[in-house]
Amino acid sequence: MSSPSDSLATPAAISGVAHGLLDCRRCPRLVEWRERVATDKRASYRDESYWGKPVPGWGDPQARIVVVGLAPAAHGANRTGRMFTGDRSGDWLYAALHRAGMASQPEAVSRDDGLTLSDCWVTAAVRCAPPANKPLPQERDNCCVSWLAPELGLLRRRRVLVCLGAFAWDAVMRTLSAPRPRAAFGHGAEATIAGAGHEGRDLTLLGSYHVSQQNTFTGRLTEPMLDQIFYRARELAD
């Protein structure tokens, strides 16, 4: 019989996955790109030390809501070492999480900026910054099998996965072996994967347009639209 603590992810277990991830060199193209970007820095960050390694997920290990993005940004998380930190996409995401009561502050500028998350975990389908922000199918599969699947397995209170963009939606569907036909991605789309949650509970995927500048600058994604996603995520988690 399991004890109550067995149903919860431990910081040590999560850290174990993160430490293993940091040594990953399974995708040569991504390794070459992330390290080249860390050397050939953007002029505005020339005095900073870039992370230049795979980026682990982070947040509350007891989270019921998991946010899944595409991959680290070359001069965002690949620079700072924390998902969605140090770029405009992160500005949008963490401001929305703050408004939803899941982030302690609306800004995310560095790993030691004091930001904490509550009932939320932030991760990505691919953990290395990809050229042109476009991972190859094999790179996606390598990362999802080696890192996303074990990570989700440790987040044992998971109830809702907010997928930022079609790439994350598809990657999560594949990672969880969702049966076909699979629901199509869309902003506000919902899909239930039976038995994919902790102790055989159903797991809900909730789609959102990605918080990329392409979407936020053009108005395809607005703050009220993003707020509605996290309002719905809280509702589903409850």
With the structure loaded, tell me whether residue 31 is touching a His at 6+ places or on another chain (Cβ under 8 Å), at pLDDT 95 or above, within 21 Å of residue 125 (Cα to Cα) and part of a helix (DSSP H, G or I) or whether it fails that test. no
Here the qualifying pairs (Cβ atoms under 9 Å; residues six or more apart or on different chains; first in segment 109-122 and within 20 Å of residue 75 (Cα to Cα); second of a type in the set (D, E, K, R) and surrounded by fewer than 19 Cβ atoms within 10 Å (Cβ to Cβ)) come out as 113/107; 115/107
Every residue from segment 52-73 that is closer than 15 Å to residue 36 by Cα and either surrounded by fewer than 24 Cβ atoms within 10 Å (Cβ to Cβ) or basic (Lys, Arg) (or both): 52, 53
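Which count do you get for residues in segment 35-52 that are assigned to a loop (DSSP other than H, G, I, E, B) and closer than 7 Å to residue 78 by Cβ?
First, the residues of segment 35-52 that are assigned to a loop (DSSP other than H, G, I, E, B): 40-42, 46-52.
Now narrow it down to the ones that are closer than 7 Å to residue 78 by Cβ: 50-52.
Residues flagged as assigned to a loop (DSSP other than H, G, I, E, B) and closer than 7 Å to residue 78 by Cβ within segment 35-52 amount to 3.
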Residue list for segment 70-89, restricted to those being free of Cβ contacts under 8 Å to residues at least 60 places away in the same chain and on the phi < 0 side of the Ramachandran plot: 72, 74, 75, 76, 77, 78, 79, 80, 82, 83, 85, 87
Would you mind stating whether residue 91 is at pLDDT 95 or above, buried (at least 22 other Cβ atoms within 10 Å of the Cβ) and of a type in the set (Asp, Glu)? no
Conditions (1) of a type in the set (Ser, Thr, Tyr); (2) within 21 Å of the chain's Cα centre (by Cα); (3) at pLDDT 95 or above: number failed by residue 39: (2)
From the list 104, 110, 118, which one is surrounded by fewer than 19 Cβ atoms within 10 Å (Cβ to Cβ), within 24 Å of residue 148 (Cβ to Cβ) and at pLDDT 95 or above? 118
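The values are calculated or read from the model by the stated rules, or taken from the named source; none is laboratory data. Quantities reported herein were computed from a predicted structural model and do not represent experimental measurements. Cβ sites come from the backbone with ideal geometry, for glycine too, and all protein chains shown count toward neighbours.
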